[in-house]
1. Can you tell me the FRET efficiency between Leu13 and Thr171 if r is taken as the Cβ-Cβ distance and R0 is 41 Å, rounded to the nearest 0.05?
2. Under a point spin-label approximation (7 Å from Cα along Cα-to-Cβ), what is the Glu147-Arg33 distance to one decimal in nm?
3. May I ask which residue of Tyr144, Thr110, Ala84 lies farthest towards the positive end of the charge dipole of segment 74-230, with charges of +1 (Lys, Arg) and -1 (Asp, Glu) on Cβ and the Cα centre as origin?
4. Which of the lysines could be linked to Lys189 by a straight reach, that is with a Cα gap under 25 Å, when you skip same-chain ones fewer than 8 residues away?
5. Amide H of Phe38: which non-local residues (sequence gap of 5 or more, or other chain) have their own amide H closer than 5 Å, using H built in the peptide plane?
6. What is the distance, in nm, between label points placed 7 Å from the Cα along the Cα-to-Cβ direction at Ser98 and at Leu208?
7. Stretched out fully, how many nm does the piece from Trp131 to Ala46 gain, at 0.36 nm a residue minus the Cα gap?
8. Does anyone have the angle between helix 15-30 and the longest principal axis of the chain? Alpha-carbon axes, 0 to 90°, nearest 10?
Amino acid sequence: MSHRFLPHRPERLPLEQSHERGRAFLEHLDARRSVRHFAPDPVPRALVELAIRAASTAPSGAHKQPWTFAVVGDPDLKRRIREAAEAEERRSYAERMSEEWLQALAPLGTDWRKPYLDVAPWLVVLFAQRWGIGPDGERVTHYYVTESCGIAAGLFIAAVHEMGLATLTHTPSPMGFLAEVLGRPPNEKPLILFPVGYPAADATVPDLRRKGLEEVSVWFEKPRSEASED
Ligand code: IYR
């Protein structure tokens, strides 16, 4: 079988423009915060659709696109999710999380209560497809599923932020109840729950600092020659 290839010739940006755009993009992303206090104000479904389509442009192992986004706007279902999540989180905070873990979370001010799960207008649950289902119901192997879904999650978060909305990477653990409540098939594993909405008027976020470039990178550059132009 022959496979088709298309020409790909995006225009090269002048360096100055790359710098400008890179800096503006960084500043924009740097202004994003994980939000735990949402306004109940509605958000049009079309905006959530755009974020999912943006997420779905993620590269994936063998281009299998191994993700399903389950989108919940139904208040009854949101309440059921909140109740189940809080039941798990109550046990986690009381007996499953180590003292070290609880201390690490202290600056975030989290506890077992998750009111945002029924306040935010949308809950978007990212399910990782551990395998796919072919046209005749056969199993299709998926590759690098967690990595692929992680990249899609990042793009989803960036798209939500770009639209002036807020979200949170919530992982109520164990998360199995989400597959159950949403009736998802056995090939799908819940990975991240994203409440999506506007921050509450009185929302606060913890005073955190991001690591600097020196803390997050190591460089192995070509030795500088006298004639170097860069
Ligand atoms: N899932 C719990 C605990 C929690 C764990 C981590 I790691 C965080 O970065 C934040 C919270 C919760 O949502 O409260």
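1. For R0 = 41 Å, the calculated efficiency reads 0.65.
2. Those two pseudo-labels are separated by 3.4 nm.
3. Ala84
4. The reachable lysines, counting only those whose Cα sits under 25 Å from Lys189, are Lys64, Lys78, Lys114.
5. For Phe38, whose amide H was placed from the backbone, the distant partners under 5 Å are Ala200.
6. Placing both labels 7 Å beyond Cα along the Cβ direction yields 2.0 nm.
7. The span from Trp131 to Ala46 would gain 27.7 nm if fully extended.
8. 20 degrees
The values are calculated or read from the model by the stated rules, or taken from the named source; none is laboratory data. Quantities reported herein were computed from a predicted structural model and do not represent experimental measurements. Virtual Cβ from ideal backbone geometry, glycine too; neighbours counted across all protein chains shown. Surface accessibility is based on the protein's heavy atoms, side chains included, excluding ligands, DNA and RNA. Shrake-Rupley method; radii C 1.70, N 1.55, O 1.52, S 1.80 Å.
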